[in-house]
Amino acid sequence: MKKIAFVCLLSFIIISCKNHYDEYPDNPAWLNARIAHMETVDYYYGTKVFLYEWHSAFYYWISIPISSCMMCEFYNYAGDEVLTPDNIDDFQKNGKMIKIVWQRDKF
């Protein structure tokens, strides 16, 4: 009887555990199109797309190593560029990198 109770409890715990990444949105269509383009152009070798959370919203930073501008490719979920000289300090202090969405490091 103890084995059955233990198995039931363990099953309940496993089923009720939520995957941490379930909390994050799927890539928006504009980002999937952008990634498809970046996969075909040599300029984007070494590029990474990061998902950030900042002020309870999701943002994407496209880091292109050979670009002369570090934070120029920073978008909200809708695909609008949102980082300005006025709010970059706030982002650097309060933004939280969640995960790497995509990277291209193979020739």
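So the values come out like this:
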{"quantity": "Computed lengthening from ASP26 to GLN92, 0.36 nm per intervening residue step minus Cα-Cα distance", "calculated": "21.4 nm"}
{"quantity": "Region 21-103: relative contact order as a whole-number percent, Cα under 8 Å and 6+ apart", "calculated": "32 percent"}
{"quantity": "Within region 21-103: Cβ-based charge dipole about Cα centre, in debye rounded to nearest 20 (Lys, Arg +1; Asp, Glu -1)", "calculated": "200 debye"}
{"quantity": "Whether region 21-103 is rounded, prolate or oblate, judged on the alpha carbon gyration tensor where a/c under 1.5 counts as rounded", "calculated": "oblate"}
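Each reported figure results from applying straightforward, stated rules to the coordinates on display, with no laboratory input. Just so we're clear, the structure is a prediction, and the values are computed from it rather than from any experiment. Heads up, the Cβs are rebuilt from the backbone with ideal geometry, glycines too, and the neighbour counts pull from every protein chain shown.
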